[in-house]
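The values are calculated or read from the model by the stated rules, or taken from the named source; none is laboratory data. Everything numeric here is computed off the predicted structure, so don't read it as measured data. Cβ sites come from the backbone with ideal geometry, for glycine too, and all protein chains shown count toward neighbours.
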């Protein structure tokens, strides 16, 4: 005898409505039901009928399986991830209870997740201010838009499923229209033209509404051209989704919000070049081989490494990575953390990390096991990348990027499986930054750690730059 399986889709229905910028009243009018009924559905107080499921699919042109699946799986996975925070370690939180909360109380779940995200942002902000206070003169700097943007991304582990899902839908539609250029022409009436750098006057991409064209610098390589076309599509079509992803951010400076919006548009563009589902399968198949994945998806090494930091979609998580990009002077121009790596928020990093020696072997991958003073171990790969160029005499900038993960995930990477590859026992002892590292014997130290009195050297001079009491 068949069982009567009721379908509760509250979180999925709410996400669908918000992604389209609809109120409950708007959706009720579209579906010819009452707004109160939509509210009950979103709270999982009423099951979704087959008739309304079909009406939803037809009205909003979606795949029914998006709603007919486990409606609370994403929220449940996010809730389970948040509850793993050490702050909850002394509370018994069975998985069954967590699942019940996510399924039966989606509103409470969302409220908790918003509050937890705000808490993470505050913790990161306090860490920034704390280092400023002890390393500086006690005065607090003005709002830093770059720091604000980095905190926003770090608090969300640089993962935005709303953008991943929207990008996959857009790519599926564009595949039947001749790719990104075909999509721009079919949907927006925009042609694509590559023109000399002297015409672009310092721009890589420019949208010319008057001539109905997207202009690209003809010195861009193929990966950069594809990325710029995807980025233009993100600005033209995914503004609502970017707004949703940005919606709960708190910015003291307008520049901070603008930088974050730009980062989210870049995220969406990368999600078009490397759609989440396909890319997540490929990284496992290729054992996280960045160069191999870049070739497969027609992306650059940096674009691919950056995309690998975003693979934390609830229920489809892959290895969590951190990412950093520096110039030869050690200035950080990009930093993303999904692996819990304690980056130096101010000042230089540790010179013993081979990220800073990667410039000696351009475009070659170097690997290293790292051990922090508290015993945490990480595995990293580093390589130089080049921006600019494209013609003789054209300015170019060489930077080094590092991609790394916690030691427990390193066995899944192809780089640790090479014959004769060193193991974690070979880890290089490093610090976050000299001012926060208490390895007294380090010969590479550039400054004494905070709180350690320095010994005079009138009787004894240590081999390390400083001796401590």
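Of these, 56, 48, 52, 41, which one is part of a loop (DSSP other than H, G, I, E, B), outside the structural domain of residue 102 (by TED's automatic domain parsing), at pLDDT 85 or above and buried (at least 17 other Cβ atoms within 10 Å of the Cβ)?
Numbers: 56 fails: part of a loop (DSSP other than H, G, I, E, B); 52 fails: part of a loop (DSSP other than H, G, I, E, B); 41 fails: part of a loop (DSSP other than H, G, I, E, B).
Going through 56, 48, 52, 41 in turn, just one is part of a loop (DSSP other than H, G, I, E, B), outside the structural domain of residue 102 (by TED's automatic domain parsing), at pLDDT 85 or above and buried (at least 17 other Cβ atoms within 10 Å of the Cβ): 48.
I'd like to know if the stretch 447-461 contains one or more residues that are more than 26 Å from residue 282 (Cβ to Cβ), at pLDDT below 95 and not in a loop (DSSP other than H, G, I, E, B). Steps first, please.
First, the residues of the stretch 447-461 that are more than 26 Å from residue 282 (Cβ to Cβ): 447-461.
Checking which are at pLDDT below 95 leaves us with 447-461.
After this cut, where a residue has to be not in a loop (DSSP other than H, G, I, E, B) as well, the list is 454.
Yes, there is a match, as at least one residue in the stretch 447-461 is more than 26 Å from residue 282 (Cβ to Cβ), at pLDDT below 95 and not in a loop (DSSP other than H, G, I, E, B).
What do you reckon, is residue 249 modelled with pLDDT under 90, touching a helix residue (DSSP H, G or I) at 6+ places or on another chain (Cβ under 8 Å) and surrounded by 16 or more Cβ atoms within 10 Å (Cβ to Cβ)?
For residue 249, the condition - modelled with pLDDT under 90, touching a helix residue (DSSP H, G or I) at 6+ places or on another chain (Cβ under 8 Å) and surrounded by 16 or more Cβ atoms within 10 Å (Cβ to Cβ) - is met.
Quick one: which residue in 111, 118 is at pLDDT 75 or above, under 20 Å from residue 337 (Cα atoms) and within 28 Å of the chain's Cα centre (by Cα)? Reasoning before the result, please.
Working: 111 fails: under 20 Å from residue 337 (Cα atoms).
From the options 111, 118, the qualifying one is 118.
Exactly one condition in (1) on the phi < 0 side of the Ramachandran plot; (2) assigned by TED's automatic domain parsing to the domain that holds residue 182 is not met by residue 212; state its number.
Failing condition for residue 212: (1).
I need the full set of residues from the stretch 94-121 which are surrounded by 14 or more Cβ atoms within 10 Å (Cβ to Cβ) and outside any helix (DSSP H, G or I), in order please.
The answer is 105, and nothing else.
When the residues of the stretch 418-446 are filtered to those that are under 11 Å from residue 367 (Cβ atoms) and part of a loop (DSSP other than H, G, I, E, B), which remaining residue is modelled with the highest pLDDT?
So the residue we want is 422.
What is the residue count in the stretch 376-407 for residues that are out of contact with any helix residue (DSSP H, G or I) (no Cβ under 8 Å at 6 or more places or on another chain) and within 17 Å of residue 308 (Cβ to Cβ)?
Adding up the residues that qualify gives 3.
Scan the stretch 206-216 residue by residue and report those that are modelled with pLDDT of 95 or more, over 14 Å from residue 237 (Cβ atoms) and surrounded by 14 or more Cβ atoms within 10 Å (Cβ to Cβ).
The answer is 213, 215, 216.
Might you let me know whether the stretch 426-440 holds any residue that is touching a residue at least 12 places away in the same chain (Cβ under 8 Å), loosely packed, with under 13 Cβ neighbours inside 10 Å, out of contact with any strand residue (DSSP E or B) (no Cβ under 7 Å at 6 or more places or on another chain) and closer than 30 Å to residue 287 by Cβ?
no
Across the stretch 148-183, what is the total count of residues that are under 20 Å from residue 223 (Cα atoms) and touching a strand residue (DSSP E or B) at 6+ places or on another chain (Cβ under 7 Å)?
Total meeting the criteria: 1.
Looking only at the stretch 441-469, count how many residues are within 24 Å of residue 357 (Cβ to Cβ), touching a helix residue (DSSP H, G or I) at 6+ places or on another chain (Cβ under 7 Å) and surrounded by fewer than 14 Cβ atoms within 10 Å (Cβ to Cβ).
0
In the stretch 373-389, what residues are touching a residue at least 60 places away in the same chain (Cβ under 8 Å) and surrounded by fewer than 17 Cβ atoms within 10 Å (Cβ to Cβ)? Even if it seems obvious, please write down each step before you answer.
Filtering the stretch 373-389 for residues touching a residue at least 60 places away in the same chain (Cβ under 8 Å) gives 373, 381, 383, 385, 389.
Selection gives 373, 389.
Spot the failing condition for residue 258; the list is (1) under 16 Å from the mean Cα position of the chain (by Cα); (2) under 28 Å from residue 145 (Cβ atoms); (3) loosely packed, with under 14 Cβ neighbours inside 10 Å, and only one is missed.
Condition (1) is where residue 258 drops out.
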